[in-house]
Ligand SMILES: Cc1ncc(COP(=O)(O)O)c(C=O)c1O
């Protein structure tokens, strides 16, 4: 393994200190919950080792959402989606094996296979095609050495969503090629076009990954999951988890379970709040002249870029300096996603409405100050 720290983690707001940032537009999740707002009494909880696959009640709830197509025993709780992604890559990829992965992407989806010595065959999504993941682009890169194809739906950092038809086409072509398909569906329930089915319900070679971090605003409990109907792959993922940590945290999993039992209470409020914040971002976008974007249709992030005329005239480093140091505002610069810093991720689901509005105004201010005449 050749581990390297990634810019997105080195420069993460929690590493800078949340209290040092006035307008935090870097986050890719909904606003974090406070424990007291969950209404839980956990005093009787036994802090023992727990079921190695993860909390049986929670796995049952997740299985029910797949209408039982994925059984509770085909669900593995993990320490965040991040751990699920690590387990999947490290179980399926040996040095020299090929993985097809889209870019931009959540950085780990690229970096972990790279650290393992796998050969990355990258599908670069482009602005002009609306950041669409074309099934044909994946088909063109498949070879007998392809072990894994990795997609993210809805997509981070662009907030674009895939049609069910494209998803089905990718499931079909990977099935025919005999490789596994990882669908990072961390934002599955934040889809303005309608929620897609869990991809793993479609075919045994598909693995769905998600967590409590993004849609549910609980990143600090570090609970995520993977699900797949592929028995041999599941066994290997399960073995990996037991070797990493035996089992998950009793406390984290109980919080996740109790929360999920009340999902129908929490989720509508989250989604309606998100909708309001999206309106704020959209209003800002329509009333400014420096950025262009592919309008997000899911998730809680947008990935605008400077218009060409701005790109040509801006002092880019100066822009980020003014934004970060003078205006105390942070976004996710393009290099977090192996892109130019003329693109940036704006997380609009996390900040409060005032913070969001101030942050967006500060973007325009930082541009004005750094435009060369
Ligand atoms: C698409 C995607 N997948 C996975 C993760 C990992 O999140 P976590 O481990 O908190 O579930 C992230 C975090 O940003 C993400 O954006």
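Residue 108: within 14 Å of the ligand (Cβ to nearest atom) and free of Cβ contacts under 8 Å to residues at least 40 places away in the same chain, yes or no?
It is false that residue 108 is within 14 Å of the ligand (Cβ to nearest atom) and free of Cβ contacts under 8 Å to residues at least 40 places away in the same chain.
Could you grab me the full set of residues in the range 1-30 that are touching a helix residue (DSSP H, G or I) at 6+ places or on another chain (Cβ under 8 Å) and either without any contact (Cβ under 8 Å) to a residue 60 or more places away in the chain or within 16 Å of the ligand (Cβ to nearest atom) (or both)?
Within the range 1-30, 6, 7, 8, 9, 11, 15, 24, 25, 26, 27, 29, 30 meet the criteria.
Can you pull out the residues in the range 49-80 that are under 17 Å from residue 236 (Cα atoms) and within 12 Å of the ligand (Cβ to nearest atom)?
77, 78, 79
Look through 195, 183 and report the one residue that is part of a loop (DSSP other than H, G, I, E, B) and without any contact (Cβ under 8 Å) to a residue 40 or more places away in the chain.
The match here is 195.
Pairs needed: first member in the range 138-160, touching a residue at least 40 places away in the same chain (Cβ under 8 Å) and over 25 Å from residue 188 (Cβ atoms); second member anywhere, assigned to a strand (DSSP E or B) and within 15 Å of the ligand (Cβ to nearest atom); C-beta distance under 7 Å; at least 6 residues apart or different chains.
Listed by first residue and then by second, the contacts come to nothing, as the list is empty.
Residue 269 - would you say it is in contact (Cβ under 8 Å) with a residue 60 or more places away in the chain and either in a helix (DSSP H, G or I) or within 28 Å of residue 45 (Cβ to Cβ) (or both)?
no
Would you check which residues across the range 115-133 are within 16 Å of the ligand (Cβ to nearest atom) and free of Cβ contacts under 8 Å to residues at least 12 places away in the same chain and list them?
none
Looking only at residues in the range 211-236 that are surrounded by fewer than 24 Cβ atoms within 10 Å (Cβ to Cβ) and within 8 Å of the ligand (Cβ to nearest atom), which one is nearest to residue 186 (Cα to Cα)?
Here the answer is 213.
Does residue 75 fit the bill of being within 14 Å of residue 223 (Cα to Cα) and modelled with pLDDT of 95 or more?
When the stated conditions are applied, residue 75 passes them.
Residues to consider are 86, 33; find the one that is outside the structural domain of residue 203 (by TED's automatic domain parsing), in contact (Cβ under 8 Å) with a residue 24 or more places away in the chain and buried (at least 17 other Cβ atoms within 10 Å of the Cβ).
Result of the check over 86, 33: 33.
The values are calculated or read from the model by the stated rules, or taken from the named source; none is laboratory data. Source: prediction; values computed, not measured. All Cβ positions, even for glycine, are placed from backbone atoms using ideal geometry, and neighbour counts span all protein chains on display.
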